[in-house]
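For reference, the structure is listed below as structure tokens.
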Amino acid sequence: MSRTAFYERLAESLREIEADGLWKAERIIVSPQRGEIEVEQNGVRRSVLNLCANNYLGLADNPEIMAAAQEAIDSHGFGMASVRFICGTQDLHRQLERLIAEWLGTDDAITFAACFDANGAVFEPLLGPEDAIVSDSLNHASIIDGIRLCKAARHRFATGDLGDLEAKVTEARAAGARTILIVTDGVFSMDGVTADVAGICEIADRHGCLVMVDDCHASGFIGPEGRGTPALQGVADRVDIVTSTLGKALGGGMGGFVAARSEIVDLLRQRARPYLFSNAVAPPLLAGAIKAIELARAGDHLRDRISANAAHFRSAMGAAGFTLAGQGHPIIPVMLGDAVLAAEFARRLLDRDVYVTAFSFPVVPRDTARIRTQMSAAHSTDQLDRAIEAFIAVGRELEVVA
Ligand SMILES: *Cc1c(COP(=O)(O)O)cnc(C)c1O
């Protein structure tokens, strides 16, 4: 009886999700990830423009990265079948970690299976019940989960509101916190907004706090040599902890990392549960990421291309009358409000060979549904113009723009 009731309850939740227009369907891509991809629908293959990958530098199908990954399979095998401390650390792991540290100017770095794991790992070993974490209210789900796993007191500040941040830091201090860690996304991915990391560091200095930045939507393509938001704002030396992903601009494979002082990295190697109890990153992913970081560091031409693409798309879409969120970042959300409208908009764009994803609750707050477009260095101006034309046509059909 109770088993039956359980499955009925799940079925009811699924029906509700669908009825609310919040169903997330997965489309099948049959080509590599790139600016123009092939999708299969009802057995028919077709080519569509892709505006929703985190493939900022266009490296997901880069031949040099693919060759590096293939060579690593030959020289280092396919997988590790071990956690790092048992028999899962190859020279490639240390090579990648040292490269990340050198690139970001930290003592060391430690890799995880994903940045979700890095964020799940980082708090609990470093902070205890005597400590406090002050976290931006829009921080990524993995940060929120990581903080939940840690016994430190939790404070949330209104997103990007430095006044509120300082109030929360003061509150934590007054409550007797031993160590206070301020945590922010470098870039808020649902809005395309860059955090004021320099401003956060100033407050941290005044109150003796540590600072952590999750730079997943910046690493590789923001700042000098793609070193991210702290470097862009000239505070890389002040930020204590950077977490980021190998699964977005840096080739889009898999893996995450924490870059920090050696005391932090060493302690994470001893205590971080997703490191101690989960498989080591596979050799081809390591070699691909090493090559991707090399290409990203030397990739000013790619960063110029993304900036030009973002400026072009933003200005044309704004001129067409769309409401856009964010600023100065290749994430350009087209705000639609209603979840059903956003889903329908995305469906019609696909009919016009433009692949985008509608984001709705719980990924974004209710009634702020949007289509989040993401520019890539892999897009040509012609391709973007095709996308803009399709947006305008569908926008008129659905009476979003005149
Ligand atoms: C994508 C993302 C993550 C998760 O990274 P994975 O390596 O895919 O697990 C964590 N934080 C932020 C801000 C992200 O955008």
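Any read-out appearing in this document is the output of simple, stated calculations on the displayed coordinates, not a laboratory observation. None of the values given here were measured: they were computed from a predicted structure. No Cβ is skipped: glycine too gets one built from the backbone with ideal geometry, and neighbour counts run over all protein chains shown.
If you count, for each residue, the other Cβ atoms within 10 Å and average over each peptide, how do 388-401, 105-118 line up from highest to lowest?
105-118, 388-401
Could you work out how far helix 283-297 tilts from the main Cα principal axis of the chain, as a 0 to 90 degree angle to the nearest 10?
That works out to roughly 80 degrees.
Give the residue from 160, 224, 320 lying farthest towards the positive end of the charge dipole for the chain; charges sit on Cβ (+1 for Lys and Arg, -1 for Asp and Glu) and the dipole is referred to the Cα centre.
So the residue we want is 160.
So, with +1 on the Cβ of K and R and -1 on the Cβ of D and E, and no other charges, what is the size of the charge dipole of the range 63-297 about its Cα centre, to the nearest 20 debye?
Around 520 debye, computed over the range 63-297.
What's the exposure ranking of 30, 83, 187, 235, going from fewest to most Cβ atoms within 10 Å? Don't skip to the answer; put the middle values down first.
Working: 30 10, 83 16, 187 26, 235 20.
Ordered from fewest to most neighbouring Cβ atoms within 10 Å, 30, 83, 187, 235 come out as 30, 83, 235, 187.
Using the per-residue mean of other Cβ atoms lying within 10 Å as a proxy for protection, in what order, highest first, do the peptides 321-328, 136-143 fall?
Most protected by this proxy first, the peptides run 136-143, 321-328.
³J(HN,Hα) across the range 171-177 via Karplus (A = 6.51, B = -1.76, C = 1.60, θ = phi - 60°), whole Hz, x for Gly/Pro?
Per-residue couplings from phi come out as 4, 5, 5, 4, 6, x, 4 Hz.
Estimate the FRET efficiency between residue 145 and residue 352 by the formula 1/(1 + (r/R0)^6), using the beta-carbon distance for r and 30 Å for R0, to the nearest 0.05. Could the numbers behind the result be given before it?
Working: r = 37 Å, r/R0 = 1.25.
Once rounded, the FRET efficiency stands at 0.20.
Only bridges with both residues in the chain count here: give the DSSP antiparallel percent, nearest 5.
60
Highest mean first, how do 14-22, 249-257 rank when packing is the count of other Cβ atoms within 10 Å averaged over residues? Intermediate values should be presented prior to the final figure.
On the way: 14-22: 12.6, 249-257: 26.6.
So the order, starting with the most tightly packed, is 249-257, 14-22.
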